[in-house]
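Below is one structure, written out as structure tokens; the observations come after it.
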Ligand SMILES: Cc1cc2nc3c(=O)[nH]c(=O)nc-3n(C[C@H](O)[C@H](O)[C@H](O)COP(=O)(O)OP(=O)(O)OC[C@H]3O[C@@H](n4cnc5c(N)ncnc54)[C@H](O)[C@@H]3O)c2cc1C
């Protein structure tokens, strides 16, 4: 470990209200949830001098509830919790499915939904799920709470609208109409970072989102429109170039990613018919 842990400063709030006051009055502070992403950065030595706000003990942020048909998932819900939650399995089964495919058991026990979203990696496996579920991100500061549609949350590569004095406290998921579908493509079946990750909902308004092909998760709005208007999937996939311009990086080439996205759209459509 390149960063000496003994020199790190860690504030441990006892309540969400304390945490938000600390963010406002004692900042700048970096929220720390399961630390599975932050630990990697610590290991690289890139967080020297960072002061942390430990959220782990804030139980209210772990709750998963259903209110007036709206699924509310606390930001601190871990992947293990998401897999076992009856509410998640009933209302958003693709989130439980995505959670099952994240890392190994240790990561699933510590990694949180809020951490995945806040970290903003384009390869984050839950991001396409939240995008097709039309999720809303609930951000709270000591002074106010605001709700941001998931599609407006990212402003660029790992950049979000979250202000330094705000925490993600929860995600709200309206009822999802239609058949849900999720697929992650990596170098192997388990413990792999996504080369392409896709979620889809086949309802009156088809919705498809894809990760790992652009600086942020993207909705395939051109393909969605074609499918909604009754085009065949073959015709719709021809529109892909308008929706995505995949990147070459150390995990894959742009061409491979474009082909895989096309194949996944076809698979989604065939298996939800
Ligand atoms: C071995 C390994 C395998 C992995 N495999 C996968 C995988 O298969 N798929 C995948 O998507 N990810 C994977 N990850 C990445 C990581 O586990 C996830 O992104 C995880 O969800 C991060 O959650 P966390 O609680 O650990 O976040 P942390 O590491 O605690 O925080 C991550 C970032 O989010 C911020 N943050 C956390 N919570 C909040 C909040 N409530 N409000 C505001 N900001 C917040 C932190 O400040 C930090 O910037 C892997 C990581 C490792 C080390």
query = Which members of region 251-273 meet the condition of being more than 23 Å from residue 179 (Cα to Cα) and either exposed (fewer than 15 other Cβ atoms within 10 Å of the Cβ) or more than 22 Å from the chain's Cα centre (by Cα) (or both)?
reply = 253, 254, 255, 256, 259
task = Working only within region 118-138, note down all residues that are closer than 17 Å to residue 40 by Cα and either more than 9 Å from the ligand (Cβ to nearest atom) or surrounded by fewer than 24 Cβ atoms within 10 Å (Cβ to Cβ) (or both).
result = 118, 119, 120, 121, 122, 123
ask   = In region 5-20, which residues are free of Cβ contacts under 8 Å to residues at least 12 places away in the same chain and exposed (fewer than 15 other Cβ atoms within 10 Å of the Cβ)?
value = 6, 7
query = Within region 112-127, is there a residue that is in a strand (DSSP E or B), within 15 Å of the chain's Cα centre (by Cα) and in contact (Cβ under 8 Å) with a residue 60 or more places away in the chain?
reply = yes
inquiry  = within 15 Å of the ligand (Cβ to nearest atom), crowded, with 20+ Cβ neighbours inside 10 Å, under 24 Å from the mean Cα position of the chain (by Cα) and within 30 Å of residue 208 (Cα to Cα): is that true of residue 23 in this structure?
reply    = no
inquiry  = Restricting to region 162-184, give me the number of residues that are closer than 26 Å to residue 200 by Cβ and within 12 Å of the ligand (Cβ to nearest atom).
reply    = 4
query = Looking only at residues in region 78-106 that are more than 10 Å from the ligand (Cβ to nearest atom) and in a loop (DSSP other than H, G, I, E, B), which one is surrounded by the fewest Cβ atoms within 10 Å (Cβ to Cβ)?
reply = 85
remark   = Within region 39-62, of all residues that are without any contact (Cβ under 8 Å) to a residue 40 or more places away in the chain and either surrounded by 13 or more Cβ atoms within 10 Å (Cβ to Cβ) or under 19 Å from the mean Cα position of the chain (by Cα) (or both), the one nearest to residue 19 (Cα to Cα) is 56
task = Answer yes or no: is there a residue in region 53-73 that is touching a strand residue (DSSP E or B) at 6+ places or on another chain (Cβ under 9 Å), outside any helix (DSSP H, G or I) and farther than 30 Å from residue 199 by Cβ.
result = yes
note = Reported set for region 27-61 where residues are near the ligand (Cβ under 6 Å from one of its atoms), more than 21 Å from residue 142 (Cα to Cα) and in contact with a helix residue (DSSP H, G or I) (Cβ under 9 Å, 6 or more places away or on another chain) is 34, 35, 36, 37, 38
ask   = Does residue 34 fit the bill of being part of a loop (DSSP other than H, G, I, E, B) and modelled with pLDDT under 95?
value = no
request  = Run residue 135 past the list (1) farther than 26 Å from residue 8 by Cβ; (2) modelled with pLDDT under 95 and report the number of the one that doesn't hold.
outcome  = (2)
ask   = Can you spot a residue in region 188-199 that is surrounded by fewer than 19 Cβ atoms within 10 Å (Cβ to Cβ), under 13 Å from residue 261 (Cα atoms) and either out of contact with any strand residue (DSSP E or B) (no Cβ under 7 Å at 6 or more places or on another chain) or modelled with pLDDT of 95 or more (or both)?
value = no
key: Residues of region 203-250 that turn out to be within 24 Å of the chain's Cα centre (by Cα) and at positive phi, as a count   = 1
query = In region 63-75, which residue that is buried (at least 16 other Cβ atoms within 10 Å of the Cβ) and closer than 19 Å to residue 19 by Cβ is farthest from the ligand (Cβ to nearest atom)?
reply = 72
task = Mind listing whichever residues of region 83-108 are in contact (Cβ under 8 Å) with a residue 40 or more places away in the chain and over 15 Å from residue 184 (Cβ atoms)?
result = 91, 92
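The values are calculated or read from the model by the stated rules, or taken from the named source; none is laboratory data. Since we're looking at a predicted model, the values are computed, not measured. As a convention, Cβ positions derive from the backbone with ideal geometry for all residues, glycine included, and neighbour counts pool all protein chains shown.
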